[in-house]
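J.: I am attaching a structure below and will ask some questions about it afterwards.
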């Protein structure tokens, strides 16, 4: 009713204004004919507005649709005014309806626009100012998302397209990236949102490096692939992905390699609940296996993964079977029963203890799981005529300085030795470096440390690591396994090594903070260098020798490395087993150093059970 009353007054005022402008006088106010014309036109116009739903729009959220109703309603009102005045012979000049229409549209639409702007200006007070990098569709949609929130207000767009510079899009100015420092300083910008889902990771890395120098927080919207697939929405603003920090674009997978060991087959993944194991299961389930056997000792991880995979199969309307099985690869009867019960054809062996410091402190269990778990699973696979056995290994197996790396090298030697004793099971090894975002990875740890104000701890200023995203690593493991001929050692191209101190510095800056090192500078978050942990290396390697050859895949190489026969290796394995059963950690280190693993320990013994000496028992190593 209030809007009707105000609009009636505005229409009346517009008519009076139109008459005054046309006649350059107000003498018409004493005449009755103009009042008859507007008296007939006014209620009809308001009736049109009501019927078109104009008054259902909340003024503060009025949209372009409401303004279209105003336009057509005013246009109809001017036609009615003209017809009424002409048909009844009333004193209304013929140009008045046109002037009236312009004044009425400006007043009725303008009042609402002003009220809306006043409301949003009041709302924007106290909000954090931000810039949106990318003035495309995603950026424009993001403006609408931010407008519905209460925390942020967009100041403008940053875009690399010269034709857009200086233009206004959805009410925001588009600026050249070169103006970023000036905008950050002038407007007190605290946050930049990357709205470029179609950009490559390499391009994102360049933009992130540019923004890192400004000490503003940087967040992003999901990748275009995630948005199109429905896994994410544009409104899901998140931290910069670890993959964007590396700037490494994945190579499209070869479908024939992805499906070779999976499609219509029974596939088993050990360590299925882990970082690599779970991603292997996700990708395997997308290539229509007959059955995916999830094997893990963790009840929680197994349950979570099973639910996720079942939901995925239902969404894709696939009829594959998911089998969650609790168990340890160290249990031969359990492993044998599972492989035979389900007729497993392909095994991806990802079950391993991988944290270097923990394995240094728990040497016996690290070896039992990584070495003898692999041996148990492999012998069961060979006995059951499994077609393919793929060991997921690590770059720490190359010239290891820690027990974890030595244990994985022993696992590699066991696989290579068994590949020479039989032909029914294709055995291969896939070796690669660190994966981003895995449990124990530096990036989640750095994020937690930054969130609590620091310090961010780095072991050494010069320490470097190879990194790869978990999805890319799993994809390459599957493709490498499909190329195996027996006894192959595949190396994944990890790209350029990353200095961990530089990674910490960049993450702090992308959080809108300034890093500093004690005694060198001032800032918000301190980077503290501790020291290398027991068994930790400054640099990691992927190749034992220098004979790496390319394969049909640009990111996968193969190596021709020295291996020994099972006859030579078996006595070493028996001695290791006996020392494990005796809990003799000192003997285990000596045996690993004497074995052909390249193990050279560079730290003192830190095993937590060795404080009182080697815990020798009378247990005999008759069998594993």
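J.: Could you go through segment 341-351 and let me know if any residue there is touching a residue at least 60 places away in the same chain (Cβ under 8 Å) and at positive phi.
T.: yes
J.: Kindly establish whether residue 541 is surrounded by fewer than 19 Cβ atoms within 10 Å (Cβ to Cβ), modelled with pLDDT of 90 or more and in the same structural domain as residue 418 (by TED's automatic domain parsing).
T.: No, not satisfied.
J.: Within segment 123-166, how many residues turn out to be loosely packed, with under 14 Cβ neighbours inside 10 Å, modelled with pLDDT of 85 or more and over 19 Å from residue 184 (Cα atoms)?
T.: 3
J.: If you don't mind, there's one more thing I want to ask. Please count how many residues of segment 330-350 are over 21 Å from residue 265 (Cα atoms) and in a loop (DSSP other than H, G, I, E, B).
T.: 2
J.: Filter segment 494-510 down to residues that are in contact with a strand residue (DSSP E or B) (Cβ under 7 Å, 6 or more places away or on another chain) and part of a loop (DSSP other than H, G, I, E, B) and give me whichever is modelled with the lowest pLDDT.
T.: Only one residue fits best here, namely 494.
J.: Test of understanding: among 109, 98, which residue is at pLDDT below 80, in the same structural domain as residue 9 (by TED's automatic domain parsing) and more than 30 Å from residue 193 (Cβ to Cβ)?
T.: Being at pLDDT below 80, in the same structural domain as residue 9 (by TED's automatic domain parsing) and more than 30 Å from residue 193 (Cβ to Cβ) holds for just one of 109, 98, which is 109.
J.: Does segment 595-609 hold any residues that are in contact (Cβ under 8 Å) with a residue 24 or more places away in the chain and either under 29 Å from residue 564 (Cβ atoms) or not in a loop (DSSP other than H, G, I, E, B) (or both), and which are they?
T.: Selection gives 595, 596, 597, 598, 599, 600, 601, 602, 603, 607.
J.: Which condition does residue 354 not pass, out of (1) assigned to a loop (DSSP other than H, G, I, E, B); (2) closer than 18 Å to residue 327 by Cβ, if it passes all the others?
T.: (2)
J.: Still on this structure, please answer the following. Out of curiosity, is residue 401 buried (at least 24 other Cβ atoms within 10 Å of the Cβ) and under 33 Å from the mean Cα position of the chain (by Cα)?
T.: Criteria not met by residue 401.
J.: Looking at this structure, is residue 363 crowded, with 24+ Cβ neighbours inside 10 Å, in contact (Cβ under 8 Å) with a residue 12 or more places away in the chain and over 20 Å from residue 601 (Cβ atoms)?
T.: When the stated conditions are applied, residue 363 does not pass them.
J.: Also: For residue 398, are the conditions met, namely being more than 30 Å from residue 526 (Cβ to Cβ) and either out of contact with any helix residue (DSSP H, G or I) (no Cβ under 9 Å at 6 or more places or on another chain) or modelled with pLDDT of 90 or more (or both)?
T.: In short, no.
J.: Would you mind stating whether residue 561 is at pLDDT below 90, within 35 Å of the chain's Cα centre (by Cα) and not in a strand (DSSP E or B)?
T.: no
J.: Another question, then. So residue 249 fits all but one of (1) modelled with pLDDT under 80; (2) within 14 Å of the chain's Cα centre (by Cα); (3) assigned to a helix (DSSP H, G or I); what number is the exception?
T.: Among (1) modelled with pLDDT under 80; (2) within 14 Å of the chain's Cα centre (by Cα); (3) assigned to a helix (DSSP H, G or I), the lone unmet condition for residue 249 is (3).
J.: What number of residues in segment 476-493 are out of contact with any helix residue (DSSP H, G or I) (no Cβ under 6 Å at 6 or more places or on another chain) and either in a strand (DSSP E or B) or surrounded by fewer than 23 Cβ atoms within 10 Å (Cβ to Cβ) (or both)?
T.: So the answer is 7.
J.: Would you mind telling me which numbered condition in (1) farther than 18 Å from residue 311 by Cβ; (2) part of a loop (DSSP other than H, G, I, E, B) residue 258 fails?
T.: (2)
J.: Restricting segment 316-329 to residues that are part of a loop (DSSP other than H, G, I, E, B) and crowded, with 19+ Cβ neighbours inside 10 Å, which is modelled with the lowest pLDDT?
T.: Step by step, filter segment 316-329, then rank; the result is 320.
J.: Determine whether residue 513 is under 27 Å from residue 442 (Cβ atoms), within 29 Å of the chain's Cα centre (by Cα) and part of a loop (DSSP other than H, G, I, E, B).
T.: It is true that residue 513 is under 27 Å from residue 442 (Cβ atoms), within 29 Å of the chain's Cα centre (by Cα) and part of a loop (DSSP other than H, G, I, E, B).
J.: While we're looking at this one, here's another question. Evaluate the following for residue 518: is it free of Cβ contacts under 8 Å to residues at least 40 places away in the same chain and either over 22 Å from residue 211 (Cα atoms) or part of a loop (DSSP other than H, G, I, E, B) (or both)?
T.: Yes: the conditions hold for residue 518.
J.: Considering only segment 274-289, I want to know if a residue exists there that is more than 18 Å from residue 475 (Cβ to Cβ) and in contact (Cβ under 8 Å) with a residue 24 or more places away in the chain.
T.: no
J.: To continue, here is another question. Condition check: over 22 Å from the mean Cα position of the chain (by Cα) and more than 27 Å from residue 393 (Cα to Cα). Does residue 508 satisfy that?
T.: No, not satisfied.
The values are calculated or read from the model by the stated rules, or taken from the named source; none is laboratory data. Predicted model only: the values in this text are computed from it and were never measured. Heads up, the Cβs are rebuilt from the backbone with ideal geometry, glycines too, and the neighbour counts pull from every protein chain shown.
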